[in-house]
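Please read the structure below before turning to the comments.
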Amino acid sequence: MKTMIQKCRQWLQALPQDKLWHVVAGLIVGSFFAIVLPIEAPIVPVVFAGAIKEFVDDWRKGSGDWRDFVATVSGGAVIQVMVWIG
């Protein structure tokens with residue numbers, strides 16, 4: 001168990017700060033829709049939020065990144081799995 005925690009810590013430290021914030025944003029949006037507005041698929045609003053954010057980034061700055069989108073959705077996916085489990 002200790003080695004698993006260390007591997008998770010190393011993986012999180014290897015993530016760029018920007019991607020980590022996208023994961024956190026996905027967790028927050030997914031949690032909001034799972035708790036405050038109890039829906040069975042909180043991943044759906046996370047996908048829309050991530051897609052809109054990257055579309056706006058691409059439109060304004062020309063810097064939309066699919067990896068940011070994947071990081072956002074992965075945060076929402078964690079919440080989706082928790083909804084399915086519990």
Total residues in the range 53-83, condition surrounded by fewer than 16 Cβ atoms within 10 Å (Cβ to Cβ) and polar (S, T, N, Q): 1
Hits in the range 60-79 (condition: farther than 14 Å from Leu27 by Cα and without any contact (Cβ under 8 Å) to a residue 24 or more places away in the chain): Arg60, Lys61, Gly62, Ser63, Gly64, Asp65, Trp66
Enumeration of residues in the range 1-27 that are hydrophobic (A, V, I, L, M, F, W, C) and surrounded by 10 or more Cβ atoms within 10 Å (Cβ to Cβ): Cys8, Leu12, Leu15, Leu20, Trp21, Val23, Val24, Ala25, Leu27
Helices (runs of 4 or more DSSP H) enclosed by the chain - at least 3 residues per element that are among the aromatic types (Phe, Trp, Tyr): 17-35, 43-60, 66-85
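Here, each number is a calculation from the coordinates, and none is a lab measurement. Predicted, not measured: the structure shown is a model, and the values here were computed from it. When we count neighbours, we look across all protein chains shown, and the Cβ atoms used for this are built from the backbone with ideal geometry, even at glycine.
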